[in-house]
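Please read the structure below before turning to the comments.
FYI, it's all coordinate maths here, none of it is from the lab. None of the values given here were measured: they were computed from a predicted structure. When we count neighbours, we look across all protein chains shown, and the Cβ atoms used for this are built from the backbone with ideal geometry, even at glycine.
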Amino acid sequence: MILADTSVWIHYLNGKVTPQTDLLDDCLIEGTLAMGDLIFLEILQGIRDEKQYKNVKAKLSLLDQHSMFGPNMVFKCANNYRSLRKKGITVRKTNDVIIASFCIDQKMDLLYTDRDFKPFTEHLGLISAYTKT
């Protein structure tokens, strides 16, 4: 299964064609895409139009759903953040630490465009779904 970060979903939902949105579309067709609750939240809270909100909510609810953060992830996320800080790398958003740490823990590929995930691939074993294809 592949998880797509909010950065890719935003482009996809806005009709922007990129290699990552093309891969997201392929994964939707193949049934190999999962949805994380944190990513789902980020997507939904950014939709202003009520009709689009209901449509996106209904369609994305059909994907395989994963709870990304809980007591067992606290220390994993903190350790990953601290490990990168020791290397002089500061991840700007806690949500990205959670998403990357979840994917590393679950051995799930992540499809992303956000630069904050790159240190996780370079230093902590996160697998980029885009570079894998």
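I want to check the label-to-label distance for Asp26 and Thr94. Put each point 7 Å from Cα in the C-beta direction and report it in nm to one decimal.
Placing both labels 7 Å beyond Cα along the Cβ direction yields 3.6 nm.
Taking mean projected area of the Cα convex hull in nm² straight from the coordinates, which label in (1) 7.9; (2) 9.4; (3) 7.3 is the correct one?
It is the value labelled (1).
Can you sort Ile98, Ile39 from fewest to most other Cβ atoms within 10 Å of each residue's own Cβ?
Ordered by Cβ neighbours within 10 Å, fewest first: Ile98, Ile39.
Lys16: which lysines have alpha carbons under 23 Å from its alpha carbon, excluding same-chain residues fewer than 8 sequence positions away?
Result set, ordered by chain and number: Lys51, Lys54, Lys57, Lys59, Lys118, Lys132.
How big is the dipole moment of segment 2-132 about its Cα centre under a simple scheme where the beta carbon of each Lys and Arg is +1, that of each Asp and Glu is -1, and everything else is neutral? Debye, nearest 20, please.
Result for segment 2-132 is approximately 560 debye, rounded to the nearest 20.
In whole angstrom, how far apart do the alpha carbon centroids of segment 65-105 and segment 1-51 sit?
The distance from the Cα centre of segment 65-105 to that of segment 1-51 comes to 20 Å.
List the trypsin sites (Lys or Arg not before Pro) within segment 1-80 that DSSP assigns to loop and that have no more than 14 neighbouring Cβ atoms inside 10 Å.
Working: sites: Lys16, Arg48, Lys51, Lys54, Lys57, Lys59, Lys76; in loops: Lys16, Arg48.
Passing both the DSSP loop test and the Cβ count: Lys16, Arg48.
How much length is gained if the chain between Ile10 and Lys51 is pulled fully straight, taking 0.36 nm per residue apart and subtracting their Cα-Cα distance, in nm to one decimal?
On the way: separation 41, 0.36 × 41 = 14.76 nm, distance 1.65 nm.
So the chain would gain 13.1 nm between Ile10 and Lys51.
Whole-Hz ³J(HN,Hα) for each residue in segment 27-38, computed from phi via Karplus 6.51 cos²θ - 1.76 cosθ + 1.60 with θ = phi - 60°, x for glycine and proline: what do you get?
Per residue, the Karplus-derived 3J(HN,Hα) values read 5, 4, 5, 6, x, 10, 9, 10, 10, x, 4, 5 Hz.
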